[in-house]
1. Would a scan of segment 21-37 turn up a residue that is in a helix (DSSP H, G or I) and at pLDDT 90 or above?
2. Condition test on PRO34, is it of a type outside the set (Phe, Trp, Tyr), surrounded by 10 or more Cβ atoms within 10 Å (Cβ to Cβ) and out of contact with any Leu (no Cβ under 9 Å at 6 or more places or on another chain)?
3. Kindly establish whether LEU58 is surrounded by 10 or more Cβ atoms within 10 Å (Cβ to Cβ) and either among the aliphatic types (A, V, I, L, M) or free of Cβ contacts under 8 Å to residues at least 40 places away in the same chain (or both).
4. With the requirement that a residue be of a type outside the set (A, V, I, L, M) and either touching a strand residue (DSSP E or B) at 6+ places or on another chain (Cβ under 8 Å) or modelled with pLDDT under 85 (or both), what does segment 38-52 give you?
5. Determine whether segment 54-74 contains at least one residue that is closer than 30 Å to GLU15 by Cα, under 32 Å from the mean Cα position of the chain (by Cα) and either part of a strand (DSSP E or B) or β-branched (Val, Ile, Thr) (or both).
Amino acid sequence: MQEITLTEASKNLPELIEAVKSGEEIVITEDNKPVVQLTLVAPVKKRWPAKAGSAKGLITVSEDFDEPLEDFQDYM
């Protein structure tokens, strides 16, 4: 793991990004204390656009879905 001061990091950001992309761990310090860790961001999986029918079979509706609830019989 490489530690670098904030001043040095601000001067060398493109090089630091390349180092992280190649697998290096970098911690930026301020007043000799670690404040930021540079890490690689995981790629985001695309979930959209949704395909028609892609949820088929995942959702079910009971036969009595639209029947009045017993708790509300007094109000019917």
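The values are calculated or read from the model by the stated rules, or taken from the named source; none is laboratory data. Keep in mind it's a predicted model, so treat the numbers as computed, not measured. Methodologically, a virtual Cβ is constructed for each residue, glycine included, from the backbone with ideal geometry; neighbour enumeration extends over all protein chains shown.
1. Within segment 21-37, one or more residues are in a helix (DSSP H, G or I) and at pLDDT 90 or above.
2. Yes, satisfied.
3. Here the answer is no, as LEU58 does not meet what is asked.
4. Answer for segment 38-52, where residues must be of a type outside the set (A, V, I, L, M) and either touching a strand residue (DSSP E or B) at 6+ places or on another chain (Cβ under 8 Å) or modelled with pLDDT under 85 (or both): PRO43, LYS45, LYS46, ARG47, TRP48, PRO49, LYS51.
5. no
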